[in-house]
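For reference, the structure is listed below as structure tokens.
The values are calculated or read from the model by the stated rules, or taken from the named source; none is laboratory data. The structure presented is a predicted model; accordingly, all values stated were derived computationally and were not measured. Here the Cβ positions follow ideal geometry from the backbone for every residue, glycine too, while neighbour counts run over all protein chains shown. SASA here: full protein model, heavy atoms, side chains in, ligands and nucleic acids out. Shrake-Rupley method; radii C 1.70, N 1.55, O 1.52, S 1.80 Å.
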Amino acid sequence: MAKLIYSAITSLDGYIEDGEGNFDWGAPDEEVHSFINELERPVGTYLYGRRMYETMVYWETVQAFADQPPCVQDFTVLWRAADKIVYSKSLETVSSAKTRIEREFDPRAIQEMKAVREHDITVGGPNLAAQAFNAGIVDECQLFLTPIVVGGGKRSLPINIRLELELLSERRFRSGVVFLHYRR
Ligand SMILES: NC(=O)c1ccc[n+]([C@@H]2O[C@H](COP(=O)([O-])OP(=O)(O)OC[C@H]3O[C@@H](n4cnc5c(N)ncnc54)[C@H](OP(=O)(O)O)[C@@H]3O)[C@@H](O)[C@H]2O)c1
């Protein structure tokens with residue numbers, strides 16, 4: 001059975017983007033990027049809210065592939081290989097391969113997908129993930145805590161929900177980023 005995983009790069013005070021909508025402070029360096037690639041490699045399907053998709057679709061069109069560092073080339077290949085489902089009422093077309101649009105987020109359909117898929121599924125951004133948390137279908141949570149306090153913005157974890165988590169692993173990176181891997 002596949003797992004549903006929420007993965008996010010977050011500030012120390014719990015925001016995936018700051019009050020101005022920036023998240024450049026969370027850009028992974030080569031060490032973190034290579035680690036993320038290993039986490040993403042077994043993922044077969046990405047569930048995206050429309051906003052997250054609009055950011056991530058960059059990887060479909062990234063230019064000058066050969067000039068990119070190996071970790072970026074690697075991520076590009078594995079991102080393109082995965083299936084993507086974009087949740088949106090407004091999006092008319094998608095601009096990446098292996099991608100379909102869903103008009104409603106149906107937790108039962110995700111549970112059915114988990115039961116038949118061999119490869120894990122991830123969900124993002126936090127708006128869509130909050131719906132999955134509220135429906136009780138998120139199995140694991142992977143957070144990259146970045147050593148910055150941004151004071152406000154978009155929260156990485158939903159409010160008004162109580163989750164008891166078991167720490168599965170952790171890792172500290174040279175940049176001061178700390179990876180925390182939890183199971184529900
Ligand atoms: N920290 C980082 O490393 C990082 C990395 C990448 C991106 N980001 C940022 O993360 C942010 C993600 O934002 P977010 O979490 O607010 O947005 P999101 O969940 O990615 O997208 C929200 C949109 O998804 C659609 N949607 C949500 N629930 C739906 C449902 N039940 N049925 C149908 N459609 C649904 C709606 O699209 P429609 O309006 O089209 O209906 C909604 O406006 C972006 O601003 C992005 O720039 C951060």
> For q = 0.11, 0.18 Å⁻¹, what log10 I(q)/I(0) does region 1-74 give under the Debye formula with an equal point scatterer on each alpha carbon and no solvent?
Replying inline: -0.34, -0.96
>> Run lengths n ≥ 4 of DSSP H only: what is the helix-derived mean residue ellipticity at 222 nm for the chain, with -39500 (n - 2.57) per run over all residues, to the nearest 500?
In response: -8000 deg cm²/dmol
>> Need one value: the accessible area of Lys114 in square angstrom, 1.4 angstrom probe, rounded to the nearest 10.
In response: 10
>> List residues of region 101-136, by number, whose backbone nitrogen lies under 13 Å from a label position 7 Å along Cα→C-beta of Lys89.
In response: 103-105
> Residues with beta-carbon under 12 Å from that of Ile161, excluding Ile161: net charge, scoring Lys, Arg +1 and Asp, Glu -1?
Replying inline: +2
> For the chain, which whole percent of the accessible surface, found with a 1.4 angstrom probe, sits on carbon and sulfur atoms?
Replying inline: 50
> What FRET efficiency comes out for the pair Ala109/Ser34, r = Cβ-Cβ distance, R0 = 41 Å, nearest 0.05?
Replying inline: 0.80
> When the Cα centres of region 138-183 and region 14-70 are compared, how far apart do they sit, in Å?
Replying inline: 16
> Using the Cα gyration tensor of region 58-184, with a ≥ b ≥ c the square roots of its eigenvalues, what is the shape: rounded (a/c below 1.5), prolate (a/b larger than b/c) or oblate (neither)?
Replying inline: oblate
> In the chain, with Lys and Arg counted as +1 and Asp and Glu as -1 at Cβ, which of these residues, Leu167, Val177, Gln63, has the Cα nearest the positive end of the dipole, that is, farthest along it?
Replying inline: Leu167
> Can you give the net charge of the other residues whose Cβ lies under 13 Å from the Cβ of Val86, counting K and R as +1 and D and E as -1?
Replying inline: +1
> By how many nm would the segment from Ile148 to Arg117 lengthen if fully extended, with 0.36 nm per residue of separation less the alpha-carbon distance?
Replying inline: 7.5 nm
